[in-house]
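Colleague: Got a structure here, written out as structure tokens. Questions coming.
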Amino acid sequence: STHFEDAQGTLFLSEKTFKTIACQSPFMILGNKGSLKKLHKMGYKTFHDIIDERYDDLDSIHRINAIIDEIRRWESNPDKFQHLQWLYPILEHNVEVMKFNAYFNPPAGFHMLNTLSNDEL
């Protein structure tokens, strides 16, 4: 992620997150504290039933260590492919939320940018 340090005082969800959602892939976010909570507020679901997402509340260095531990735990899980099948409803939900948000709830400034670009035509 491009934004990770708590000292930045920001919360930025990059295109990498939304590309992963569009490709219907499970994910963890190595980003700012509270990134998963922000996604939840936007209507997305994450994978707390299979992935320990408490890392989202941890400070910077502890957050990265918790993510590394979770990746190692996942790699050693003999049932991981079965678990991936259980995630399909969440992955499909997230794509539908992305479509809805793109059409009916675009990011702040979208309409102004759209108006400006149409005025120049």
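Colleague: Given H placed 1.01 Å from N in the peptide plane, which residues other than close sequence neighbours of Lys33 have an amide H under 5 Å from its amide H?
Modeller: Long-range HN contacts for Lys33: none found.
Colleague: A further question follows. Give me a comma-separated list of calculated 3J(HN,Hα) values for segment 21-28, in order, Karplus coefficients 6.51, -1.76, 1.60 applied at θ = phi - 60°, integers in Hz, x for any Gly or Pro.
Modeller: Using θ = phi - 60°, the values come out as 4, 4, 8, 6, 10, x, 8, 10 Hz.
Colleague: Normalise the Debye intensity by I(0) for segment 15-115, one equal point scatterer per Cα, no solvent, then take log10 at q = 0.16, 0.24 Å⁻¹ and round to two decimals.
Modeller: Normalising to I(0) and taking log10 leaves -0.76, -1.37.
Colleague: Could I ask something else about it? Compare the peptides 54-62, 36-44 by average per-residue count of other Cβ atoms within 10 angstrom and give them in order, highest first. Before the final figure, lay out each step's value.
Modeller: Numbers: 54-62: 14.6, 36-44: 16.1.
Ranking, from highest mean packing down: 36-44, 54-62.
We did not get these values from a lab; they are worked out from the coordinates using the rules stated. Please read these numbers as outputs of a predicted model, since none were measured by experiment. Don't worry about glycine lacking a Cβ; one is built from the backbone with ideal geometry, like all the others, and counts go over all protein chains shown.
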